[in-house]
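Below you'll find the structure, written out as structure tokens, and then a few comments.
The values are calculated or read from the model by the stated rules, or taken from the named source; none is laboratory data. All of these numbers come straight from a predicted model, not from anything done at the bench. Because the Cβ atoms are built from the backbone with ideal geometry, glycine has one as well, and the counts that use them run over all protein chains shown.
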């Protein structure tokens, strides 16, 4: 899960298990989170990784109650982009990281929720680009497809497993200041556009902590009667034209 969301859950008294590709970054995150956290270095796009994290969590705490799936990446460096320019590598990489990883983690936790008979909560990370495109600066078509698929997938499992008291919802941010957004944050034309496209709070990119309240809502009993919903935390992206110059 995202570090900011993990901190928010920890601060609310919850135990958290996190996964990351980079062992050094993972260790720093665990040191920050303290004794309520455990972690696993691994590739979320491999089916066995989520199973390994689950087993580590069960050994520590005995039960699982929620999943916040954040794993994802831009595939631009691999060849994602406009449809007529897409490379096969870009397609495969982006689908693996953004969609397969989500399906694998969701499958793992739903099986565990059903085994426990306790129900549980799933929160999947999508993007406003899954349904509110921006062709001038954000035309990464495989990325958009994976984020739209994340919404359809989540709503489908929400429908199937509601009878088991398993809730599944989606959070869809606009541009957030993360390592993945480096290209956009370093391009003056894009930042000018974003400041007008996300006009709330003076016009700015989002920060990871802007998502924290939504994460706590969806992963706790506060949302016990809510499933299959998509919440845009987007600074106004979806209701604003934005200026291109």
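Candidates are the residues of the stretch 160-203 that are farther than 23 Å from residue 68 by Cα and in contact (Cβ under 8 Å) with a residue 60 or more places away in the chain; the one that is surrounded by the fewest Cβ atoms within 10 Å (Cβ to Cβ) is 183. On the basis of being buried (at least 20 other Cβ atoms within 10 Å of the Cβ), at pLDDT 95 or above and over 23 Å from residue 13 (Cβ atoms), does residue 152 make the cut? So residue 152 does not fit the description; no.
For every residue, the table says whether it meets (1) closer than 17 Å to residue 106 by Cβ; (2) out of contact with any strand residue (DSSP E or B) (no Cβ under 6 Å at 6 or more places or on another chain); (3) touching a residue at least 12 places away in the same chain (Cβ under 8 Å).
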site	(1), (2), (3)
32	no, yes, yes
49	yes, yes, yes
53	yes, no, yes
76	no, yes, yes
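Is it true that residue 120 is modelled with pLDDT of 95 or more and within 13 Å of the chain's Cα centre (by Cα)? Full working, then the answer.
Working: modelled with pLDDT of 95 or more: yes; within 13 Å of the chain's Cα centre (by Cα): no.
The answer is no for residue 120.
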